[in-house]
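Visitor: This structure is in structure tokens; I'll ask about it shortly.
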Amino acid sequence: SQTIHQWPATLVQPVGSPLSLECTVEGTSNPNLYWYRQAAGRGLQLLFYSVGIGQISSEVPQNLSASRPQDRQFILSSKKLLLSDSGFYLCAWSGQGGLGYTFGSGTRLTVV
Amino acid sequence: KQEVTQIPAALSVPEGENLVLNCSFTDSAIYNLQWFRQDPGKGLTSLLLIQSSQREQTSGRLNASLDKSSGRSTLYIAASQPGDSATYLCAVRRGAGGTSYGKLTFGQGTILTVHP
């Protein structure tokens, strides 16, 4: 069966520090991968998606970047965090056939 | 631009009631619609997935319907239980083509509280 792992679960980082959140998927190959952010009081916003290794599409201009170094690995990064980067970050995957999404357990990021 | 609206924003019911959560979307060119549940501080758990060609899906006490032409979906929960308390999110996936193939557009969610 397919599983998705996301870590860390919580993170408190000072303004200006770097960020690296990792997501891996098991039990499938060539998944579509996504990073979403859920800010307090707001809905889920798609940040990045990837349909293959090294292929990254950004939905909104921002302080973050994403990379896909391996087929089932998706990384969200920042060189210098801003207070506005605080939020709940969710990784997700879907099959190439276009079926439903499966989400990870999320990372709560607080920038102080 | 797709917009998804969920009504009501919050709902509080006594245990045992049957209830309906509503979701509407502005662009009917969808690939599928998915209902999720989110417990506080947790990720999203998929409840039901309805393809654009389907009218409804059922899983246990949950039933979701889809009327693509009118841009509406409902999630019906039968015999609600305190363990059903969570935020319920509706999300639509656009059809093939365009620059955001596969993107999910979410509603703001309905916060459900079922009290004993």
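Computed from the coordinates by the stated procedures, all read-outs in this text should not be read as laboratory data. Everything quoted here is computed from the prediction, not taken from an experiment. Backbone-built Cβ (ideal geometry, glycine too); neighbour counts: all protein chains shown.
Visitor: For the range A:56-100, list residues with backbone N below 14 Å from a point placed 7 Å from the Cα of A:Thr10 toward its Cβ?
Guide: A:87-88
Visitor: Continuing with the same structure: Compute the FRET efficiency between B:Asn18 and B:Thr45 as 1/(1 + (r/R0)^6), taking r as their Cβ-Cβ distance and R0 = 22 Å, and round to the nearest 0.05. Could you put the intermediate results ahead of the total?
Guide: On the way: r = 21 Å, r/R0 = 0.97.
Computed FRET efficiency for B:Asn18 and B:Thr45 comes out at 0.55.
Visitor: If exposed trypsin sites (Lys or Arg not before Pro) are those in a DSSP loop with at most 13 other Cβ within 10 Å, what is the longest stretch of chain B that has none?
Guide: On the way: sites that count: B:Lys1, B:Arg55, B:Arg61.
Counting only loop sites that pass the neighbour cut-off, the longest clear stretch is B:62-116.
Visitor: Something else about it: Using R₀ = 41 Å, calculate the FRET efficiency as 1/(1 + (r/R₀)^6) where r is the Cβ-Cβ separation of A:Ser77 and B:Glu56; round to 0.05.
Guide: On the way: r = 42 Å, r/R0 = 1.01.
With R0 = 41 Å, the Cβ-Cβ based efficiency is 0.50.
Visitor: About the Cα centre of the range B:11-91, what is the dipole size in debye to 20, counting +1 per Lys and Arg Cβ and -1 per Asp and Glu Cβ, all else neutral?
Guide: Values: 6 positive and 7 negative charges, 37 e Å.
Using only the charged Cβ atoms, the result is roughly 180 debye.
Visitor: Something else now. DSSP loop (so not H, G, I, E, B), at most 16 other Cβ within 10 Å: list which trypsin sites (Lys or Arg not before Pro) in the range A:32-112 pass both filters.
Guide: Details: sites: A:Arg37, A:Arg42, A:Arg72, A:Lys79, A:Lys80, A:Arg108; in loops: A:Arg42, A:Arg72, A:Lys79, A:Lys80.
Qualifying residues, ordered by number: A:Arg42, A:Lys79, A:Lys80.
Visitor: Also: Can you find, among B:Gln54, B:Ile30, B:Thr74, the residue sitting farthest towards the positive end of the charge dipole of chain B, where Lys and Arg contribute +1 and Asp and Glu -1 at Cβ?
Guide: Looking along the dipole axis, the top candidate is B:Ile30.
Visitor: Normalised by the empirical 2.2 N^0.38 Å for globular proteins, what value does the Cα Rg of the protein assembly as shown take?
Guide: Working: Rg = 17.6 Å, N = 228, 2.2 N^0.38 = 17.3 Å.
That ratio works out to 1.02.
Visitor: For B:Gln2, what is the net charge nearby, where nearby means another residue's Cβ is under 12 Å from its Cβ and Lys, Arg count +1, Asp, Glu -1?
Guide: Values: positive: B:Lys1, B:Arg93, B:Arg94, B:Lys103; negative: B:Glu3, B:Asp27.
It works out to a net charge of +2.
Visitor: Right, next: Wrap a convex hull around the Cα atoms of chain A, take a quarter of its surface area, and give that in square nanometres. Can you show the working numbers first?
Guide: On the way: hull surface 26.3 nm².
Dividing the Cα hull surface by four gives the mean projection, 6.6 nm².
Visitor: Can you give me the Cα centroid spacing of the range B:19-39 and the range B:48-91 in angstrom?
Guide: 8 Å
Visitor: So, one more: Can you give the log10 of the normalised intensity I(q)/I(0) at q = 0.22 Å⁻¹, computed with Debye over equal Cα scatterers of chain B?
Guide: Scattering profile of chain B, log10 relative to I(0): -1.23.
Visitor: Treating only the Cβ of Lys, Arg, Asp and Glu as charged (+1, +1, -1, -1), what charge dipole size does chain A show about its Cα centre? Round to the nearest 20 debye.
Guide: The dipole magnitude comes to about 220 debye.
Visitor: Something else about it: At R0 = 30 Å, how high is the FRET efficiency between A:Arg108 and A:Asn63 if r is their beta carbon distance? Nearest 0.05 is fine.
Guide: On the way: r = 18 Å, r/R0 = 0.59.
That pair, A:Arg108 with A:Asn63, gives E of 0.95.
Visitor: Kindly work out what percent of the DSSP beta bridges joining two residues of chain A are antiparallel, to the nearest 5.
Guide: Working: 37 of 41 bridges.
Given both bridge residues lie in chain A, the antiparallel proportion sits at roughly 90 percent.
Visitor: Just to confirm a number: summing +1 for Lys and Arg and -1 for Asp and Glu over residues other than A:His5 whose beta-carbon lies under 9 angstrom from that of A:His5, what do you get?
Guide: Working: positive: none; negative: A:Glu22, A:Glu26.
Net charge around A:His5: -2.
Visitor: Related question: For chain B, set up a Gaussian network in which alpha carbons nearer than 10 Å are linked by springs, and say which option among B:Asn18, B:Asn32, B:Asn63 fluctuates the most.
Guide: Per the Cα network of chain B with a 10 Å cutoff, B:Asn18 tops the list.
Visitor: About the Cα centre of the protein assembly as shown, how large is the charge dipole given +1 on each Lys and Arg Cβ and -1 on each Asp and Glu Cβ? Please answer in debye to the nearest 20.
Guide: Numbers: 17 positive and 13 negative charges, 90 e Å.
Approximately 440 debye in magnitude.
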